[in-house]
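The values are calculated or read from the model by the stated rules, or taken from the named source; none is laboratory data. Source: prediction; values computed, not measured. Quick reminder, even Gly has a Cβ in these numbers, built from the backbone with ideal geometry, and neighbours come from all protein chains shown.
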Amino acid sequence: MKFEDCFVSAEHRFAIGREIDSGRYYPSIPVSNRLVDYDEYYEITESDTERFRNDPGLAWQFAEKCRNRMMDDALIIKPGPDRGVAN
């Protein structure tokens, strides 16, 4: 999978972009487990992507839901048993 960010908020620690091979859109958040730091990617629609790019506050609210594991059903890559914690 090749993830390409089109918007990054360093302040709120999330990114929005598109997975090149499948064309799926996502926000991502950084997470860490005991071995590695990585990103979790959550699938959203193209229209959600446009809304989030036009209103970063909405994107930040969605990212907070992801950090609180309220959007796990939208994860593009399902986590393993040593799932990271949002940082």
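Of the residues Asp82, Asp73, which is at pLDDT 95 or above and not aliphatic (A, V, I, L, M)?
The conditions single out Asp73.
Quick check on this structure: which one of Ala63, Ala15 is surrounded by 14 or more Cβ atoms within 10 Å (Cβ to Cβ) and outside any strand (DSSP E or B)?
Checking each option against the conditions leaves just Ala63.
In region 18-33, what count of residues is obtained for those that are within 20 Å of Gly84 (Cα to Cα) and assigned to a loop (DSSP other than H, G, I, E, B)?
Qualifying residue count for the region: 1.
Limited to region 38-60, what total is found for residues that are assigned to a helix (DSSP H, G or I) and free of Cβ contacts under 8 Å to residues at least 24 places away in the same chain?
Adding up the residues that qualify gives 8.
Exactly one of these conditions fails for Pro56: (1) at pLDDT 95 or above; (2) in contact with a His (Cβ under 9 Å, 6 or more places away or on another chain). Give me its number.
Among (1) at pLDDT 95 or above; (2) in contact with a His (Cβ under 9 Å, 6 or more places away or on another chain), Pro56 violates only (1).
Restricting region 40-60 to residues that are of a type in the set (Asp, Glu) and under 13 Å from the mean Cα position of the chain (by Cα), which is surrounded by the most Cβ atoms within 10 Å (Cβ to Cβ)?
Selected residue: Glu40.
Could you list, in sequence order, the residues of region 66-87 that are of a type outside the set (A, V, I, L, M) and surrounded by 15 or more Cβ atoms within 10 Å (Cβ to Cβ)? Break it down stepwise before answering.
As a first pass, look at region 66-87 and keep what is of a type outside the set (A, V, I, L, M): 66-69, 72-73, 78-84, 87.
Correct list: Cys66, Arg67, Gly84.
Tell me which residues, restricted to region 31-87, are among the acidic types (Asp, Glu) and touching a helix residue (DSSP H, G or I) at 6+ places or on another chain (Cβ under 6 Å).
Glu43
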